[in-house]
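Remarks on the structure that follows.
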């Protein structure tokens, strides 16, 4: 099981390293979205709940770009058949894909969050960086799990991009909600407030429950 | 039953002190919302049965439950808006967990048909729709819990009122209305199932009469499950 996951993960990361298809697009998209927010809100700097909202909405939409690309190579090149023929547990695919998306999101945030601090954020980023990283990591887990599930659900359909957006947005509303509420005190002017524990708990529980649901149903998406 | 409930609503239940006549919409709105949510979860349970047994009848039941729940959900959103306009003065109130979470659930389930339509193969369609129904069914209570924590309460709390905040006459009317709405839901489910069976039988017989074996005599596009 572990070696299968490692092999799949290595394949995904090599593929992305060679093609550079998803991650650069996601990074560019998030920076473009900041510019759009700057003009849309007509603000030079954002603070507190507005900052949290802008950051997480941008990351969510960038993540949807990545989710759209997730199973495309498998679908078009017949990778699913190869995987199903191999005598391995199908859950390995779920874990590998979710981990890949998690890594993509982390890499995107390595660029997108400093860019956000540079372009829009009012208070300095350094004041609450460790807590912010914690919120980002929990959010990434949630987006990765839900995203893998949604991408698996939508890959065989004709209107793939449409279905992914329509499904992922409502399913990720609780994640965005909890993440923005948790991050709001971190991005206040005049020093970071304490990290609200109940929102972190909600994020963690949501991640855990959706991981279980995905584990339960993902096998059915791969039978063909 | 529902008629009886409506009779009780209009002639028996006392007028609310604060809200007056408008409060009567409570007896339609709340049972409808509860039945729709339970319907979504039941649809998810049927989908689990479908994934376990692979019998298309479970897919059909899940489809019908979700179908009717979405129709009820439209009714809930409309009556809820009317009630909100009357008692709070706005058609839509954002800091209201019930409204928001119901809207999110509704938006999610509205994707059920695009998903079904987008899959050609019937077997695959049924399987994917079931996976969707399971995920969405589990999402319903989760979403309510999350959104509920996010906002402070001004919604008239149904749970608390059933527990004892409601005067007995109102409580009786509410229970009758809830039972009536549930029975309506079950009846409609049975009716739609029967209608789908009949349509399918008719089509099969007609095909046999016409003597052609191909499946391409379907008229119109439908994403409903076939038996």
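The values are calculated or read from the model by the stated rules, or taken from the named source; none is laboratory data. Remember, it's a predicted structure, so these values are computed and weren't measured experimentally. With ideal geometry, Cβ positions are generated from the backbone for all residues, glycine too; neighbour counts draw on all protein chains shown.
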> Within region A:178-204, which residues are in contact with a helix residue (DSSP H, G or I) (Cβ under 9 Å, 6 or more places away or on another chain) and in a loop (DSSP other than H, G, I, E, B)?
Replying inline: A:188, A:189, A:191, A:192, A:193, A:194, A:195, A:196
> Residues of region A:138-163 being at the interface with another protein chain (Cβ under 10 Å from one of its Cβ atoms), touching a residue at least 40 places away in the same chain (Cβ under 8 Å) and either closer than 23 Å to residue A:55 by Cα or in a helix (DSSP H, G or I) (or both), which ones?
Replying inline: A:146, A:149, A:150, A:152, A:153, A:160
> Can you name the number of the only condition in (1) out of contact with any strand residue (DSSP E or B) (no Cβ under 8 Å at 6 or more places or on another chain); (2) touching a residue at least 24 places away in the same chain (Cβ under 8 Å) that residue A:208 fails?
Replying inline: (2)
>> On the basis of being closer than 25 Å to residue A:175 by Cα and free of Cβ contacts under 8 Å to residues at least 60 places away in the same chain, does residue B:40 make the cut?
In response: no
>> Considering only residues that are farther than 18 Å from residue B:42 by Cβ and crowded, with 21+ Cβ neighbours inside 10 Å, which ones fall in region B:107-116?
In response: B:111, B:115
> Does residue B:139 satisfy the criteria of being under 20 Å from residue B:191 (Cβ atoms), outside any loop (DSSP other than H, G, I, E, B) and within 13 Å of another protein chain (Cβ to nearest Cβ)?
Replying inline: no
> Based on what the data block shows, is residue A:220 within 10 Å of another protein chain (Cβ to nearest Cβ) and over 22 Å from the mean Cα position of the chain (by Cα)?
Replying inline: yes
> How many of the residues making up region A:191-206 are at pLDDT 80 or above, more than 11 Å from residue A:181 (Cα to Cα) and more than 10 Å from every other protein chain (Cβ to nearest Cβ)?
Replying inline: 1
> Quick check: is even one residue across region A:174-188 under 21 Å from residue A:80 (Cβ atoms), crowded, with 17+ Cβ neighbours inside 10 Å, within 11 Å of another protein chain (Cβ to nearest Cβ) and in contact (Cβ under 8 Å) with a residue 40 or more places away in the chain?
Replying inline: no
> Can you find a residue in region B:98-106 that is in contact with a helix residue (DSSP H, G or I) (Cβ under 6 Å, 6 or more places away or on another chain), at pLDDT 80 or above, closer than 12 Å to residue B:40 by Cα and surrounded by 23 or more Cβ atoms within 10 Å (Cβ to Cβ)?
Replying inline: yes
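For region B:117-135, which residues satisfy the criterion of being more than 7 Å from chain A (Cβ to nearest Cβ) and crowded, with 20+ Cβ neighbours inside 10 Å?
First, the residues of region B:117-135 that are more than 7 Å from chain A (Cβ to nearest Cβ): B:117, B:120-123, B:125-126, B:129-130, B:133.
Residues satisfying the conditions are B:125, B:126, B:129, B:130, B:133.
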